[in-house]
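The values are calculated or read from the model by the stated rules, or taken from the named source; none is laboratory data. Just so it is clear, the structure is predicted and the values come from calculations on it, not from any experiment. Backbone-built Cβ (ideal geometry, glycine too); neighbour counts: all protein chains shown. The accessibility values were calculated without ligands, DNA or RNA, using every heavy atom of the protein model including side chains. Shrake-Rupley method; radii C 1.70, N 1.55, O 1.52, S 1.80 Å.
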Amino acid sequence: MFGWKSKRSFTRELVITPPDPLAGRHGISIVACVKNEAPYIEEWVRFHRSIGVRHFHIYDDGSTDGTMDTLRSLLSAEFLTIVPWVMRMRDQATSVVLNGQAIAFAHALLNFGGAYDWMAFIDVDEFLLPRRDRTLGEALRHAKGFPNISLPWHMFGHGGHRLRPAGPVCLSYTMRVAHPERQDGNASNFKCIVDPTRVSGVSVHRFCTKDFGDRTSNDAGMVASVRDRKAEAFFSAQYLQLNHYYLKSEQELAEKVARGWSFDDTAAKYRQKVAETARSIERDVVEDRGMAVFIAQNKIDLGQSVIPLPEQRHDRTS
């Protein structure tokens with residue numbers, strides 16, 4: 001079951017009864033809310049399958065561009081569950097928009113969580129990069145079994161691209177914020193990987209467990225409260241780095257803003273948030289080719305976009 005934590009925060013923080021572990025539970029699943037990601041979904045799936053993700057639970061927010069068809073062509077039912085998830089609801093008393101993403105995460109935990117050792121809650125523009133190991137499962141061992149792992153965003157910028165490049169996102173963009181541990185505002189946050197059978201509280205960027213409350217581990221096994229995880233001492237990407245390809249090209253960012261985000265209150269609020277985040281990312285960047293090296297070393301096939309790119313899109317500023 002799940003309920004509302006409080007009237008003030010009920011759209012963002014949910015309390016649940018942890019699901020019972022199923023016999024033979026194993027492996028890692030990814031849970032993601034998705035809408036119209038056809039140009040990007042193939043490389044994301046191929047990469048995460050290559051590092052050992054067992055199953056994808058996709059919450060489809062009314063995609064119309066063939067994203068779900070692409071997913072079904074890449075993954076059989078053994079590896080893919082698609083849940084229709086068009087969430088447009090407000091609380092009658094307060095007019096607050098319900099956070100459909102947090103509710104999707106709670107739904108995934110309660111209905112599917114018992115089958116897995118781990119669940120990762122990320123978006124299609126986020127990639128989980130093992131730093132010293134070949135697989136995600138191996139990288140997670142460095143957290144020493146703690147059931148709630150927080151991974152800081154490593155935010156990647158435009159990388160000089162005005163228009164969408166022809167290659168995969170995770171190879172085309174190599175410039176990221178220089179100091180991810182010092183970010184602020186909308187450019188600084190975490191995504192989580194959890195043992196689903198121990199989760200008692202659900203939000204988009206943080207979870208609670210029945211054993212440890214809001215305490216969470218970094219990728220190296222250091223534990224802190226959610227309040228203290230932004231301290232520089234907690235920051236770590238020794239074993240597992242979360243690459244967030246937030247901006248992509250200037251063209252794609254403009255398209256992203258035009259589409260809007262289903263779970264924000266207003267379009268104006270979303271535009272402001274994106275603009276502030278872009279400024280934070282582009283202010284101070286360094287080159288990070290860790291993803292490119294990992295893909296080359298492990299000969300990972302990222303496939304190619306199902307949507308062909310016109311030649312004029314292959315543009316980059318000098």
Checking Y59 against (1) free of Cβ contacts under 8 Å to residues at least 60 places away in the same chain; (2) more than 15 Å from the chain's Cα centre (by Cα): exactly one of these is not met. Which one? (2)
In segment 238-264, how many are out of contact with any helix residue (DSSP H, G or I) (no Cβ under 8 Å at 6 or more places or on another chain) and part of a loop (DSSP other than H, G, I, E, B)? 1
Filtering segment 149-187 down to residues that are farther than 15 Å from V285 by Cβ and of a type in the set (S, T, N, Q) yields S150, N186
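Of all residues in segment 273-282, which are touching a helix residue (DSSP H, G or I) at 6+ places or on another chain (Cβ under 9 Å) and not hydrophobic (A, V, I, L, M, F, W, C)? Spell out how you get there, then give the answer.
In the first step, residues of segment 273-282 are kept if they are touching a helix residue (DSSP H, G or I) at 6+ places or on another chain (Cβ under 9 Å); the result is 273-281.
Residues satisfying the conditions are K273, E276, T277, R279, S280.
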Being under 14 Å from the mean Cα position of the chain (by Cα) and either open to solvent by 20 Å² or more (accessible area, probe 1.4 Å) or of a type outside the set (G, A, S) (or both) is the filter here; which residues of segment 29-52 pass it? I30, V31, C33, V34, K35, E37, Y40, I41, W44, V45, F47, H48
Every residue in segment 125-136 that is open to solvent by 10 Å² or more (accessible area, probe 1.4 Å) and under 15 Å from the mean Cα position of the chain (by Cα), please. D125
Being outside any helix (DSSP H, G or I), of a type outside the set (S, T, N, Q) and modelled with pLDDT under 90, is that true of even one residue in segment 274-289? no
Among (1) open to solvent by 30 Å² or more (accessible area, probe 1.4 Å); (2) at pLDDT 95 or above; (3) in a loop (DSSP other than H, G, I, E, B), the one test that R12 misses: (2)
For segment 160-170, indicate whether the set of residues that are open to solvent by 10 Å² or more (accessible area, probe 1.4 Å) and without any contact (Cβ under 8 Å) to a residue 40 or more places away in the chain is non-empty. yes
I want to confirm something. Restricting to segment 69-107 and keeping residues that are of a type in the set (G, A, S), farther than 15 Å from I30 by Cβ and open to solvent by less than 50 Å² (accessible area, probe 1.4 Å), which single residue is modelled with the lowest pLDDT? G100
In segment 153-196, anything modelled with pLDDT under 95 and of a type in the set (S, T, N, Q) is listed as Q183, N186, S188, N189
(1) within 19 Å of the chain's Cα centre (by Cα); (2) open to solvent by less than 60 Å² (accessible area, probe 1.4 Å): which one isn't true of G66, the others all being true? (1)
From the list A258, A220, which residue is at pLDDT below 95, on the phi < 0 side of the Ramachandran plot and of a type in the set (A, V, I, L, M, F, W, C)? A258
Which condition does S172 not pass, out of (1) farther than 20 Å from A292 by Cα; (2) hydroxyl-bearing (S, T, Y); (3) out of contact with any strand residue (DSSP E or B) (no Cβ under 8 Å at 6 or more places or on another chain), if it passes all the others? (1)
